[in-house]
1. Taking Ala182, is it free of Cβ contacts under 8 Å to residues at least 24 places away in the same chain, aliphatic (A, V, I, L, M) and under 25 Å from Lys198 (Cβ atoms)?
2. Here are Arg12, Arg29: which of them is open to solvent by less than 30 Å² (accessible area, probe 1.4 Å), basic (Lys, Arg) and either free of Cβ contacts under 8 Å to residues at least 60 places away in the same chain or in a helix (DSSP H, G or I) (or both)?
3. Pick from segment 169-185 the residues that are in a loop (DSSP other than H, G, I, E, B) and of a type outside the set (Gly, Ala, Ser): which of them is surrounded by the most Cβ atoms within 10 Å (Cβ to Cβ)?
4. Given the residues Leu188, Leu158, which is the only one that is among the aliphatic types (A, V, I, L, M), open to solvent by less than 40 Å² (accessible area, probe 1.4 Å), in contact with a strand residue (DSSP E or B) (Cβ under 9 Å, 6 or more places away or on another chain) and at pLDDT 95 or above?
5. Would you mind stating whether Arg137 is farther than 27 Å from Ala62 by Cβ and over 19 Å from the mean Cα position of the chain (by Cα)?
6. Return yes when Ala195 is open to solvent by less than 40 Å² (accessible area, probe 1.4 Å) and within 22 Å of Ser60 (Cβ to Cβ) and no when it is not.
7. Residues to consider are Ile89, Ile144, Ile100; find the one that is closer than 26 Å to Met178 by Cβ and β-branched (Val, Ile, Thr).
8. Whether any residue in segment 161-168 is in a loop (DSSP other than H, G, I, E, B) and closer than 18 Å to Thr40 by Cα is what I want to check.
Amino acid sequence: MEIDITKPHIGRVYDYVLGGHHNYDVDRRAAAAIMNLVPTYPKWAKLNRWFIQLVGQRWSEAGITNVLDLASGLPTQGHLNDYLPDARILFSDIDPVSVIYGEQILADKPNMRYVQADLREPSSLLAAAAQFFGAERRIAVGCIGIVYMMEDDHSRDLLRRLHSFCAPGSVLALSFVMPRVASAAEQLNRAVAPAGIKIYPQTPEEMAALMSPWKAHECRPLVEWLELDNFLTQEEYEASPFDVLGMVARH
């Protein structure tokens, strides 16, 4: 796999703001540029990671044994493998750095695998999932921290194909960006431009329609999921043109 360190990658930018070490100078410069316009970005990144941990804990308590995780980043401390050590977990990411290090981290875990996949063209991911899970298609799907960086058509196609792939009884957890002011998309995209990505905010109603035929079950801001009402100061919250919500859906 070829690693391009001349351009920032949002997964490595995310790793940097979380305090990780699998990033390059170009990623750190992009992170600084984003934080110049959205100073709370590291806090939102932490909320996303903590939501993954909450989901992992819930799935563990529910006895989940099969997990497909999308745009996984690094399965380091506090990821799904910590909460579901005996489950069969297929991690995935488009970033070759995450895949290479992820494979190394999971090398002694035969019940877990890491594959490279572009979610905009999910055929290879679903083929890998079919090989990994076999006939067992009752799966918990993690889609946290990714759909708001995908065009609606790509998100809709991915989520529908995942629904077709999964059996009844499957569950889906995702996070998305909700605009709080009309200019939210414009402000966000100006901020994340240095990372070479675009943000696509959604209201809860729009997200529920986008993810159909998955059925929304619970949806609320990440700070409410995590019971961290004071994590963002009032000033920080008012300065952010958006909120980040977590949604759990059923097949």
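The values are calculated or read from the model by the stated rules, or taken from the named source; none is laboratory data. Note that the coordinates shown come from a computational prediction; the quantities given were computed from them, not determined experimentally. Here Cβ is always computed from backbone atoms with ideal geometry, including for glycine, and neighbour counts include all displayed protein chains. To get the accessible areas, we keep the full protein, side chains included, count just its heavy atoms, and leave off ligands, DNA and RNA. Shrake-Rupley method; radii C 1.70, N 1.55, O 1.52, S 1.80 Å.
1. Working: free of Cβ contacts under 8 Å to residues at least 24 places away in the same chain: yes; aliphatic (A, V, I, L, M): yes; under 25 Å from Lys198 (Cβ atoms): yes.
Yes; evaluated as a whole, the condition is true for this residue.
2. Arg12
3. Arg180
4. On the way: Leu188 fails: at pLDDT 95 or above.
Selected residue: Leu158, the only one of Leu188, Leu158 that is among the aliphatic types (A, V, I, L, M), open to solvent by less than 40 Å² (accessible area, probe 1.4 Å), in contact with a strand residue (DSSP E or B) (Cβ under 9 Å, 6 or more places away or on another chain) and at pLDDT 95 or above.
5. Details: farther than 27 Å from Ala62 by Cβ: no; over 19 Å from the mean Cα position of the chain (by Cα): yes.
No, not satisfied.
6. no
7. On the way: Ile89 fails: closer than 26 Å to Met178 by Cβ; Ile100 fails: closer than 26 Å to Met178 by Cβ.
Only one candidate passes the filter, namely Ile144.
8. Among the residues of segment 161-168, not one is in a loop (DSSP other than H, G, I, E, B) and closer than 18 Å to Thr40 by Cα, which makes the answer no.
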